[in-house]
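Asker: Here it is, the structure, as structure tokens.
The values are calculated or read from the model by the stated rules, or taken from the named source; none is laboratory data. From a predicted model like this one, the values you see are computed outputs, not experimental measurements. Cβ atoms come from the backbone with ideal geometry, glycine included; neighbour counts cover every protein chain shown.
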Amino acid sequence: MKFKIILSLVVAVLIVIFIVQNVAVVDIKFLFWKLSMSRSLMMLFLIIVGIIIGWFLKSASVRRQKEDQE
């Protein structure tokens, strides 16, 4: 348990360092939209989206396992 917490903190610190070092403004194009934002903000947004998707997938997996046991 302690190992997971320490590993999570190390990864979080590395992510923050990576984001802070990439503050250049980039253009993001998706379909008809074009958006200019800092690269660090874009990466932070993508990390948050990835965490949310992982959380939903884990919840669905746990729910499916509970249904299979019943």
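Asker: Inside segment 54-70, can you point out the residues that are assigned to a helix (DSSP H, G or I) and of a type in the set (Asp, Glu)?
Answerer: Once the filter is applied, which keeps residues that are assigned to a helix (DSSP H, G or I) and of a type in the set (Asp, Glu), segment 54-70 yields Glu67, Asp68.
A quick yes/no check of all residues on (1) exposed (fewer than 10 other Cβ atoms within 10 Å of the Cβ); (2) modelled with pLDDT under 85; (3) touching a Gly at 6+ places or on another chain (Cβ under 9 Å):
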site: Leu9; (1), (2), (3): no, no, no
site: Val13; (1), (2), (3): no, no, no
site: Phe18; (1), (2), (3): no, yes, no
site: Val26; (1), (2), (3): no, no, no
site: Lys29; (1), (2), (3): yes, no, no
site: Leu57; (1), (2), (3): no, no, no
site: Ala60; (1), (2), (3): no, yes, no
site: Gln69; (1), (2), (3): yes, yes, no
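Asker: Those residues that are outside any helix (DSSP H, G or I), of a type outside the set (A, V, I, L, M, F, W, C) and surrounded by 10 or more Cβ atoms within 10 Å (Cβ to Cβ), I need them from segment 31-53; list them, please.
Answerer: Ser38
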